[in-house]
Each structure stands twice: as C-alpha cells, then as structure tokens.
Amino acid sequence: MYEIRLHSRGGQGGVTAAKLIALAAFRDGKHATAAPFYGAERRGAPVVSFIRIDDNPIKIYSQIKKPDLIIVLDPSIMELVDVFDGLKEDGTVLINSQKPFDLAQHEAHYVDLTGIALKVGLVVAGTPILNTPVIGALAKIGLFSRDSARSAIEEMFTDPKNTEAAMLAFDEVHQ
C-alpha cells in the first residue's frame, strides 16, 4: 500500500487535491481512499489530508504516520509542523516552491504551484488554488498517468484553467 500525507492550509484546495489524487489513481485501475483531518479551522489554518493507494481494496481509514510521500502545498507550514515526521527512509517529498529543498536522504521534488495558479488565474478570494496544479506535478513524478490526471480534473471541474494549470505543473517539476 502506498500512503500519502498532504499538508496545506484551509482554502488552498488541499482537501480537494486529496480527492483528485484518489480519483486519478482510480482512473489508473487502483483502489484509493482520501480523508482530510481538521477541526473547526478557518481559511488559512493548517489542514492534513491522507491518501492511500493500492492494488487491493483498502480497509484502513486511520491517519497516516509513516507516509511514502509527503506533499507540502504551503512551505510556511513547515515552521509550525514537522511535516517530515515519520516519512519512510526511501520516501519522496513534493514541495510547492520556486527553489529546491535539500532533504539529504529523501527524493525531493519542487514546483512553483502558486506561480502556476496565479499565471492561469486559479484564485478564489485572493488565494491561489493549488489542487489541480499539484495533480499535474504528481503525474510527472509517476504517481499516476498524465491521462488519468487529466481525466480526474475534467471529471471534477469544467473550467479549462484547471487542466492548463496541471499540465504546466507537469512540465515544470524539478528534482
């Protein structure tokens, strides 16, 4: 089973990103679950989402303590929470950033999801929406196919800016 922990802030689209990840994995023929963890938070508060992907049906719905992949949609969360806590030794990290992060023993990818969202106009109430760009980045690092990413986005959203943002992120992921 492949386990993912996604760190975001309320209003960025992290919970929807988790659903899109599960849907894209499903489009690739996998079983997947997505569950957010938050209380009575407001826009801007830290939110954690958990995603599991497997070839077999998934019957675990608890929080993920030892993820294979960590996604960070807002790097400022790293000042509040140890987002890397429990990351498996051979784990992977994807960070929304314009510059690389040196994580020594972990495979680290970065992409300017915020810049992409702003470029295509994915903004709600002044906040860049990062859910669809991150799907493109995850397709690039091999979590699911590009076609499955596109299919999941187009099933959930009708505005073509969402697919455009995902394809830009696919092209701009760095390691």
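The values are calculated or read from the model by the stated rules, or taken from the named source; none is laboratory data. Quick caveat: nothing in here was measured; it's all calculated off a predicted structure. Reconstructed Cβ throughout: ideal geometry from the backbone, glycine too, with neighbour counts over all protein chains shown.
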Quiz prompt | Yes/no for Ile71 being under 23 Å from Pro133 (Cα atoms), of a type in the set (Val, Ile, Thr) and surrounded by 14 or more Cβ atoms within 10 Å (Cβ to Cβ) | solution = yes
Quiz item: Just wondering, is there one or more residues in segment 19-38 that are among the aromatic types (Phe, Trp, Tyr) and under 23 Å from Met78 (Cβ atoms)?
Solution: yes
Exercise. Could you check Ser148 against (1) within 19 Å of Pro100 (Cβ to Cβ); (2) crowded, with 18+ Cβ neighbours inside 10 Å and say which number it fails?
Key: (1)
Self-check item: Failed item in (1) surrounded by fewer than 17 Cβ atoms within 10 Å (Cβ to Cβ); (2) of a type outside the set (D, E, K, R); (3) in contact (Cβ under 8 Å) with a residue 60 or more places away in the chain, with Val111 passing the rest
Solution: (1)
Quiz item: Can you find a residue in segment 166-173 that is modelled with pLDDT of 95 or more, among the acidic types (Asp, Glu) and out of contact with any Leu (no Cβ under 8 Å at 6 or more places or on another chain)?
Solution: yes
Quiz item: Of (1) more than 26 Å from Asp28 (Cβ to Cβ); (2) surrounded by 15 or more Cβ atoms within 10 Å (Cβ to Cβ); (3) not acidic (Asp, Glu), Leu138 satisfies all except one. Which?
Solution: (1)
Quiz item: Across segment 49-102, what is the number of residues that are more than 18 Å from the chain's Cα centre (by Cα) and not hydrophobic (A, V, I, L, M, F, W, C)?
Solution: 10
Practice problem: Could you tell me whether any residue of segment 78-85 is crowded, with 21+ Cβ neighbours inside 10 Å, among the β-branched types (Val, Ile, Thr) and in contact with a strand residue (DSSP E or B) (Cβ under 9 Å, 6 or more places away or on another chain)? | Solution: yes
Quiz item: Within the set of pairs 6 or more residues apart or between chains, which connect a residue that is within 12 Å of Ala17 (Cβ to Cβ) inside segment 152-170 to a residue that is acidic (Asp, Glu) and part of a helix (DSSP H, G or I) with Cβ atoms less than 9 Å apart?
Solution: Asn162/Glu154
Quiz item: Mind checking which residues of segment 57-77 are modelled with pLDDT of 95 or more and touching a strand residue (DSSP E or B) at 6+ places or on another chain (Cβ under 6 Å)?
Solution: Pro57, Ile58, Ile64, Pro67, Asp68, Leu69, Ile70, Ile71, Val72, Leu73
Quiz prompt | Residue satisfying condition, being in contact with a Phe, Trp or Tyr (Cβ under 9 Å, 6 or more places away or on another chain) and β-branched (Val, Ile, Thr), within set Ile135, Ile153, Ile77, Ile129 | solution = Ile135
